[in-house]
1. I need the full set of residues from region B:62-107 which are closer than 22 Å to residue B:147 by Cβ, of a type in the set (D, E, K, R) and at pLDDT below 85, in order please.
2. Just to be sure before I move on: is residue A:28 under 12 Å from the mean Cα position of the chain (by Cα), over 26 Å from residue B:38 (Cα atoms) and either surrounded by fewer than 19 Cβ atoms within 10 Å (Cβ to Cβ) or not hydrophobic (A, V, I, L, M, F, W, C) (or both) in the structure I sent?
3. Which residue pairs have Cβ atoms under 7 Å apart, sit 6 or more places apart or on different chains, and have a first residue in region B:1-18 that is farther than 18 Å from residue B:36 by Cα and a second that is at pLDDT below 85 and of a type outside the set (Gly, Ala, Ser)?
4. Kindly list the number of the only condition in (1) more than 9 Å from chain B (Cβ to nearest Cβ); (2) within 19 Å of residue B:23 (Cβ to Cβ) that fails for residue A:72.
5. Yes or no: residue B:138 surrounded by 10 or more Cβ atoms within 10 Å (Cβ to Cβ) and part of a helix (DSSP H, G or I)?
6. Of all residues in region B:11-24, which are in a helix (DSSP H, G or I) and surrounded by 17 or more Cβ atoms within 10 Å (Cβ to Cβ)?
7. Quick check: is even one residue across region B:106-120 within 14 Å of chain A (Cβ to nearest Cβ), out of contact with any strand residue (DSSP E or B) (no Cβ under 8 Å at 6 or more places or on another chain) and either under 30 Å from residue B:31 (Cα atoms) or loosely packed, with under 11 Cβ neighbours inside 10 Å (or both)?
Amino acid sequence: MENDELIQNMVFELRRGIISIAVLSLLGKEEYGYSLLKALSDQGLEVDQSTLYPLLRRLESQGLLQSDWRIVDEARPRRYYVISPQGREVLAQLKKEWASMTESMQKLLS
Amino acid sequence: MNLIEKYAAEVGKYLPSRNRADIEAEIRSTLEDMLEERAQAPNADREALTLQLLKEYGAPRKVAESYGAVQYLIGPRLYPIFEMVLKIVAAVLLGVGLLGFGVNAVRMDMAGPALVHALGKLFVDSFGGVMMAFGNIVLVFAVLERVLPLSDQKDLTDEWEPADLAKEQDPDRVKTSDLIAEIVFTVIFLALFNLYSQYVGIVIFNDNQWTFIPVLTEAFFRYMPWINLLWTLQIGLHVWLLRKGMWDVPTRLINLAFKLGSIGLAYAMLIGPAIIKVNTESLAGTSLAEVARELSPLSQFILVPFLIAMIIAPVVEIVQTVIYLVRRRSSVPFPVK
């Protein structure tokens, strides 16, 4: 296997690990699926829609997100997602874990 | 229906019905948002953009799979038992087929091209029956896949303990694979006796063709209501046990009652009129009559030991169960429920 492919796979795994935290942190305010994809992209996190939508469903079934279908500004119906109170608690804890992990990794890699 | 709607419906085909409509609506909404943004440029060709967008979004089945929508006819939990049952049935069919062929080959003194021809004809003639048997097995497992709860998948969850490997198996814990195999074989025999009883018999190679002679007599069919009742109740008990996961005193006592019923049935068949017989009268005047007359005593020779075994095996099981229940009762300080 070429190095490029190896690196690509590892980056994919890394990204998959952090995408839940990124989504939870962005959903402090309501977003619909496509706007969330763009928001993630604007932050430098390119996420495939086939990764994002199943993830949103999973987070909702775990009680970390809430969603409802709405028509805003006479546009087509869209499903809006927002973080739930339980999701906020989990996010706060995840942020601490993340800080600890990045600190450890910084030490390890320096 | 436009292309986006068709695409969402195509994804929906591979999704479970529970949340199909919801996921389809979300896919439609997202694709329309994406298309709206791309189509803002002047002179944009919406149709070409839609095609490009759908191509990027991915093959419908792959998109459905990303939602965890892989559906099984027979899932990984039942597959090993399914494979085992299939192998047993295949081995039995092959064994019976080859035995019948061997007897006929010796009887007719077949050799060379005649032997190959007869073997080839046997394979062709029995193909339909074999496929039917395998089809019924798949059907039974597909139903079990949907009836059995997921709670018996303890080994796939955190509840699984490596230390359990060293422990002696709890005698009250249901052996899932044994019960499933019993259910499948009971269903196979119920189907065989009720729907395909004409296929229970012997095959004779005569005048360059295989002839099938059914052997079940009218006396056998008089027992069918009792066989159906007993075996259906047994299947019901086994499904109940698979859902509960544990034997208890009431289920063991019900099982004992079924064993007693089986013994009674086998005894009645043993002392009553013959339940299998090669009907030589119907073959009178044909070239098969003599062969059938030769084989007639052979059928009783096989049946009697079989019925005796059908009496002895449940008796042994009843004795084992009673000993277990008595020991268990005396080893606990209060009666088990």
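1. Scanning region B:62-107 gives a single hit, B:77.
2. Yes.
3. B:15/B:67; B:16/B:71
4. Among (1) more than 9 Å from chain B (Cβ to nearest Cβ); (2) within 19 Å of residue B:23 (Cβ to Cβ), residue A:72 violates only (2).
5. yes
6. B:11, B:12, B:20, B:23, B:24
7. Taking every residue of region B:106-120 in turn, none turns out to be within 14 Å of chain A (Cβ to nearest Cβ), out of contact with any strand residue (DSSP E or B) (no Cβ under 8 Å at 6 or more places or on another chain) and either under 30 Å from residue B:31 (Cα atoms) or loosely packed, with under 11 Cβ neighbours inside 10 Å (or both).
Yes/no per residue for (1) farther than 18 Å from residue B:211 by Cβ; (2) of a type in the set (S, T, N, Q); (3) in contact with a Leu (Cβ under 7 Å, 6 or more places away or on another chain); (4) within 14 Å of chain A (Cβ to nearest Cβ):
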position	(1), (2), (3), (4)
B:74	yes, no, no, no
B:78	yes, no, yes, no
B:81	yes, no, no, no
B:90	yes, no, no, no
B:93	yes, no, no, no
B:102	no, no, no, no
B:129	no, no, no, no
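The values are calculated or read from the model by the stated rules, or taken from the named source; none is laboratory data. Quantities reported herein were computed from a predicted structural model and do not represent experimental measurements. Quick reminder, even Gly has a Cβ in these numbers, built from the backbone with ideal geometry, and neighbours come from all protein chains shown.
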